[in-house]
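Have a look at the structure below before the remarks.
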Amino acid sequence: MSLKTQIDEAIKTAMKAKDQDGLRALRAIKSLILLAETAEGKSGDLSTDEEMKLLTKAAKQRKDSAEIYKQQNREDLLKKELDELAIIEQFLPKALSDDELKAKLQEIVARVGATSAKDMGKVMGVASKELAGLADGKKISETVKSLLG
């Protein structure tokens, strides 16, 4: 089942339950999908990889906004962002734990033959593609730095 279909079903459920917060977040996701599908040069349907990138980007935006609202003591806006983030995360694959991330990155480092910090670019290129949606880019980068130390 495509992400678009899953979102449509979730919207119907949220409407029946009169869940305004959930509905707002789901409609935002659907809007992102529709914009991406109709972008110049697109054929219509998105690949699973493109869908995950959209969701990951939306989740990151919510996290960043939540952090800003927390710093500014705006509890009302913070709650809204965290609620939307929770809904977006329902459609994302489960994030890797620190140990799982480290193990996957060690395997990638061995596969590309990286031996020092100079090889970080090679490792990050492969890791970013393979671990997209499973781990935050910043966390991947920090772990690679510690491995190549």
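The values are calculated or read from the model by the stated rules, or taken from the named source; none is laboratory data. Because the structure is a prediction, the values reported are computed rather than measured. Neighbour counts run over all protein chains shown; Cβ positions are idealised from the backbone, glycine included.
Here's a check for you: in segment 47-64, which residue that is among the polar types (S, T, N, Q) and closer than 15 Å to residue 82 by Cα is modelled with the highest pLDDT?
Filtering segment 47-64 for residues that are among the polar types (S, T, N, Q) and closer than 15 Å to residue 82 by Cα, the one modelled with the highest pLDDT comes out as 61.
Could you tell me whether segment 125-143 includes any residue that is buried (at least 16 other Cβ atoms within 10 Å of the Cβ), part of a helix (DSSP H, G or I), of a type in the set (Lys, Arg) and not assigned by TED's automatic domain parsing to the domain that holds residue 69?
no
For segment 113-122, does any single residue satisfy the condition of being in contact (Cβ under 8 Å) with a residue 24 or more places away in the chain, part of a helix (DSSP H, G or I) and loosely packed, with under 15 Cβ neighbours inside 10 Å?
Within segment 113-122, one or more residues are in contact (Cβ under 8 Å) with a residue 24 or more places away in the chain, part of a helix (DSSP H, G or I) and loosely packed, with under 15 Cβ neighbours inside 10 Å.
Given the criteria surrounded by 12 or more Cβ atoms within 10 Å (Cβ to Cβ), of a type in the set (Gly, Ala, Ser), more than 19 Å from residue 136 (Cα to Cα) and more than 19 Å from the chain's Cα centre (by Cα), does residue 14 qualify?
It is true that residue 14 is surrounded by 12 or more Cβ atoms within 10 Å (Cβ to Cβ), of a type in the set (Gly, Ala, Ser), more than 19 Å from residue 136 (Cα to Cα) and more than 19 Å from the chain's Cα centre (by Cα).
With respect to the numbered conditions (1) touching a residue at least 60 places away in the same chain (Cβ under 8 Å); (2) not in a helix (DSSP H, G or I), which one is the sole condition not fulfilled by residue 88?
Exception for residue 88: condition (2).
Would you point out which residue out of 103, 58, 95 is of a type in the set (Gly, Ala, Ser) and not in a helix (DSSP H, G or I)?
Result: 95 is the single residue among 103, 58, 95 that is of a type in the set (Gly, Ala, Ser) and not in a helix (DSSP H, G or I).
Give all pairs with beta carbons closer than 7 Å in which a residue from segment 56-80 that is more than 24 Å from residue 30 (Cα to Cα) meets a residue that is among the hydroxyl-bearing types (Ser, Thr, Tyr) and assigned to a helix (DSSP H, G or I); count only pairs at least 6 apart in sequence or on separate chains.
none
Could you tell me which numbered condition residue 9 fails, if it satisfies all but one of (1) within 30 Å of residue 143 (Cα to Cα); (2) in a helix (DSSP H, G or I)?
Just one mismatch for residue 9, condition (1).
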